[in-house]
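Written below as structure tokens is the structure these notes are about.
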Amino acid sequence: MWWSWVGMGGALRARCPGAGWVRRCGGGAGVLALVMLLLVASPASAAVMITEYAVTTSGSLPYGITRGPDGNLWFTEQAGNKIGKITPSGTVTEYGTGITTGSQPEGITRGPDGNLWFTEVNGNNIGKITTGGTVTEYALPTASALPEGITRGQDGNLWFTEPGANQIGKITPSGTITEYTLPTASSGPYEITRGPGGLWFTEVRGYIGKITTSGTITEYALPSSLPFPTGITRGPGGLWFTEQLGNNIGKITPSGTVTEYALPTASSYPYGITRGRDGNLWFTEVGNSGKIGMITTSGTITEYSTPTTPAPRCGSPAGRGAPCGTPMRRTTRSERSPSAESAAPESAEAAPEPVAGLRIALPPRHPGPVHHHGPTA
């Protein structure tokens, strides 16, 4: 089993159940690392070996990552303005031809057509790259949409978030784009994953949203006053998500019932989350704690200290409803076997680091759930 974690600045590490590899990405030097984990009797007794693989482009700031149809892992390089590929043996290849200069690739996922699809937050495009490295870009209809998270939908299309436009987007494999406006203004849609009944996504203003493949949107308000939900993944009992400022892990059932679990360590800033083969959920804590967390389906949380504590950084590009200025971290799980794809979440997303003296002003939230039908006119 492959578990992949990409980080920006500092160091992002992960632990997972069973024998496997976990990948992390280092800081400005553009270091991509694979971490082999061997859990002997319990997660607490894990023996960890770390091997690092340097990304060819210095300062590339690796960002999003996903498994490809070719058995390799594919990742975005936000500052390098490239798409990267790393083989199981650690060979890294980078592709930059065809990507608009300064477009800042971020989210990436495997498409239904055997290609990799990615967002270009600054280029305002959705990109597609073949396993041979040929890139095609599709411009978004809405200016400054700031596309972020992306995943494959049950309908064979790619679905993505547009924090800058307050919309969810859909693109067909042939490149036709449809956009859907969210009911709540300035909600900050961020990460997105496939789940029961459609696509589920976080809204940093304090909601979990769901959009059906026909475009019906439902929003569920979270109990905490300022939870700032970011990462989300499909898991046992529904969708599991992180609350960066609420310092919680949350679960929402398909019917909209929300449960929150407080983390043991204060100011953990949980962000990336993904499902493990052991049935538990694994997440990053990119606050000063520098830990990896695991939560069981009953809500028991275990934290694991990483060898070094990541240096504090800000959260995400300005204008997307996140704390401040620099790109945030992202994670995804990858299986060795392509046959596992239909059962596994396409992507689970990652993690910003803490912001000193953070102050956020948000309008009052509406009480939950709110429904909206149909695409943007």
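Descriptive notes on the structure:
- Cα-based reach from residue 291 at 25 Å (exclusive), listing lysines while leaving out same-chain residues under 8 positions away: 251
- Whole-Hz Karplus values for region 276-283 come out as x, 5, 7, x, 8, 10, 10, 9 Hz, taken residue by residue from phi with 6.51 cos²θ - 1.76 cosθ + 1.60 and θ = phi - 60°; glycine and proline positions read x.
- Here the 3J(HN,Hα) profile of region 109-118, calculated from phi with Karplus coefficients 6.51, -1.76 and 1.60 at θ = phi - 60°, is 8, 7, x, x, 9, x, 10, 9, 10, 9 Hz, Gly and Pro shown as x.
- The gain in end-to-end length when the residue 134 to residue 225 segment is fully stretched comes to 28.2 nm, 0.36 nm per residue minus the alpha carbon separation.
Bear in mind these aren't lab numbers, they're just calculated from the coordinates by the rules spelled out. What you see is a predicted model; the values in this text were computed from it and never measured.
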